[in-house]
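Okay, so here's the structure we're looking at.
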Amino acid sequence: DQPCGYPHAECPIGGVLSTRESVKITQPRYCSNTGQTRFFDVVASPLFDANGKITRIVELSRDVTEERQMREDLLRRNQQLAILNTVSNTVNQSLDIEELLRKALEEILRLTSIDAGAVFLREDINKDLKLMAHQGLSEEAATLAAQVGLLDGSCGGVLETGQITIVPDVSRFRGHRARSLKRERLITLVHIPLVAKGSTLGSMCVGTKMQCQFNLEEQQLFQALASQIAVAIENAQLYAEVQQKEQLRGELFVKAINAQEEERKRIARELHDETSQSLTALLYFIEETLEMKTLKDAKGKLLNMLQLTKHVLDNVHKIIFDLRPSMLDHLGLVPALRWFAESRLEPKGVRVVVEEVTPPKRLPSEVETAIFRIVQEAITNITRHAAARNVHITFNMTDEQVIVCVEDDGIGFNIESLDYLPDSTRGLGLLSMQERLELLGGELAINTIPGQGTQLLVRLGL
Ligand SMILES: Nc1ncnc2c1ncn2[C@@H]1O[C@H](COP(=O)(O)OP(=O)(O)O)[C@@H](O)[C@H]1O
Ligand SMILES: [Mg+2]
């Protein structure tokens, strides 16, 4: 009955006798001196006599413990790779952050022993974590998690440490969050940081209904999953940023075209109302003068004509300056801007100081134009929004770079609250400054606090 003598061990002999063929089985054998169970492949083969009767059975045993272990390891690794692959494919199929997170959690719950999961993201370096997606949680638990986190507000502090944190048994904790997790029957919780390119974007929290001791290998799988998800989040964020920029660029373009059209209308109106009217008047004066008999009579008319001509000339100069200040081409950036600043600010009672820290210097024409337009917009903003009393403009121009600073002591503003909605009537002045600078590889910094004035810093490498 027990040919091999191992309790509970399956015996191949019966199989050989009934099938008359070789039988192969795997037997566990307890090794009393090491306390280990080892596995043996046993092959039993029949030997026949001339009449075809089984006379002997030969049994060969081979220790396959290591082989078995390796096979199991390989299988597990394969499963983990398959999980990673599936999640990675899932997250790469969407550029919508909430959707991709929801799908990733769905897959993780489906493919692993995890029973519930949530992803929290930090939208801004100073802001709290925000619940972006969850799976396997009741609405009640999800609402609480959205308000105060799953077990604590900082996801086990993973954002600071950048390390995976395991809470083996949440029943040790008190408080409404722990009670909520208990209602969900969750026992073990794992917080995994979502890290992309060295920065922590948020945290993925997963929980199991059985108490789990996640080994190093399983923790590594979590981290690999988290990094796939983090990269996908980063991609989606970049995509959203590009889209927003694209939209802004489009709006800017439309506004630029409209502004150009407006400018043309204004010039046409000015030419019509002022220049053409004055020239018509001049025409009448000339005709009248031609009919006069004496030079004495004509002299009065000529004086009128002189006045009128001066007036027309002034007007034409103004229009030309608005189109493109010839001063900018003839005298350079600083004199043109000094003239512009004084002529716009002083009549409004604003004191303006324009200062050159470095010796005067001409810059490439496109750079002078860009800086002129940027400072022109800054000055227009000061006259329109700042209610300033003093304005200070400094130019620092070396061979390597140009730094221009426009500072006012007006009411300042809150940059954060500026939103450029498509239907906003607000202009895109600050934005077009930035665009102009970016085109030339420069940068714009705006330092302002409500009530404490505004400082605009333009930096451009040459
Ligand atoms: N120097 C300044 N002082 C106070 N507020 C400013 C100043 N410059 C800009 N702002 C604020 O920033 C907003 C955006 O400016 P801008 O993009 O030029 O658009 P717009 O001038 O058409 O409103 C302004 O509406 C104003 O509220
Ligand atoms: Mg403006």
*Taking the Cα atoms only, what angle lies between the long axis of helix 139-148 and the longest principal axis of the chain, rounded to 10 degrees?*
60
*Any idea how far apart residue 31 and residue 160 come out in nm if each label point goes 7 Å out from Cα toward Cβ?*
4.8
_Accessible surface of residue 365 - all protein chains present, 1.4 Å probe, nearest 10 Å²_ = 70
_Ignoring ligands, DNA and RNA, please state the percent of accessible area on the range 13-63 from carbon and sulfur, probe 1.4 Å._
52
*How long is the gain from residue 273 to residue 183 if the chain were fully straight, where each residue apart is worth 0.36 nm and the alpha carbon distance is subtracted?*
24.4 nm
*Over the range 325-461, what is the percentage of antiparallel beta bridges among all DSSP beta bridges, to the nearest 5?*
80
*Round to a whole number: what % of the accessible area of the range 325-461 belongs to carbon and sulfur, probe 1.4 Å?*
50
_Could you sort 252, 95 by their accessible area in this structure, using a 1.4 Å probe and putting the largest first?_
95, 252
*Can you check what the net charge comes to around residue 178, using other residues whose Cβ is under 12 Å from the Cβ of residue 178 (Lys, Arg +1; Asp, Glu -1)?*
+3
*Excluding residue 432 itself, calculate the net charge of residues whose Cβ lies under 9 Å from the Cβ of residue 432, where each Lys or Arg counts +1 and each Asp or Glu counts -1.*
+1
*Can you tell me the order of 13-25, 194-206, 253-265 when each peptide is scored by its average per-residue count of other Cβ atoms within 10 angstrom, highest first?*
194-206, 13-25, 253-265
*Accessible area in square angstrom per residue, the range 60-174, 1.4 angstrom probe*: 59
*Residues of the range 325-461: accessible area per residue with a 1.4 Å probe, Å²*: 53
_Solvent-accessible surface (1.4 angstrom probe) belonging to residue 72, in square angstrom, nearest 10_ = 90
_Give me the one-decimal nm value for the distance between modelled label points at residue 213 and residue 240, 7 Å along each residue's Cα-to-Cβ direction._
4.1
*For the range 223-334, what is the convex hull volume of the alpha-carbon atoms per residue, in Å³?*
126
*Could you tell me what percent of the accessible area of the range 135-226 is made up of carbon and sulfur, with a 1.4 Å probe and every protein chain present?*
51
*State, to one decimal in nm, how far the label point of residue 414 lies from the label point of residue 357, with both points 7 Å from Cα in the Cβ direction.*
3.2
_Inter-part distance where the range 53-110 and the range 128-154 are each reduced to a Cα centre, Å_ = 31
*Separation of the range 18-32 and the range 206-226 by C-alpha centroid, Å?*
37
*Just for the chain, what percent of DSSP beta bridges are antiparallel, to the closest 5?*
90
*Could you work out the local net charge near residue 352, counting Lys and Arg as +1, Asp and Glu as -1, over the other residues with Cβ closer than 15 Å to its Cβ?*
-2
*Would you kindly find the accessible area of residue 299, with a 1.4 Å probe and non-protein molecules such as ligands, DNA and RNA excluded, rounding to the nearest 10 Å²?*
140
_Kirkwood Rh and Cα Rg combined as Rg/Rh, the range 346-462_ = 0.97
*If the chain between residue 249 and residue 67 were fully stretched, how many nm would it gain, using 0.36 nm times the residue separation less the Cα-Cα distance?*
59.2 nm
_Accessible surface, 1.4 Å probe, highest first, among residues 239, 30_ = 30, 239
*Give the peptides 318-324, 45-51 in descending order of average Cβ contacts within 10 Å, highest first.*
318-324, 45-51
*Angle between the Cα long axis of helix 295-323 and the longest principal axis of the chain, 0 to 90 degrees, nearest 10?*
10
*Once both axes come from the Cα atoms, what is the angle between helix 429-439 and the longest principal axis of the chain, in degrees from 0 to 90, rounded to 10?*
70
*When ranked by the protection proxy of mean other Cβ atoms within 10 Å per residue, highest first, what sequence do the peptides 73-83, 175-185 form?*
175-185, 73-83
*Alpha carbon centroid spacing (whole Å) that separates the range 176-204 from the range 254-288*: 69
*Please give every one of the lysines within straight-line cross-link reach of residue 209, meaning a C-alpha to C-alpha distance under 25 Å, and leave out same-chain neighbours fewer than 8 residues apart.*
103, 130, 182
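The values are calculated or read from the model by the stated rules, or taken from the named source; none is laboratory data. Since this is a predicted model, take the numbers as computed values, not measurements. Neighbour counts run over all protein chains shown; Cβ positions are idealised from the backbone, glycine included. The accessibility values were calculated without ligands, DNA or RNA, using every heavy atom of the protein model including side chains. Shrake-Rupley method; radii C 1.70, N 1.55, O 1.52, S 1.80 Å.
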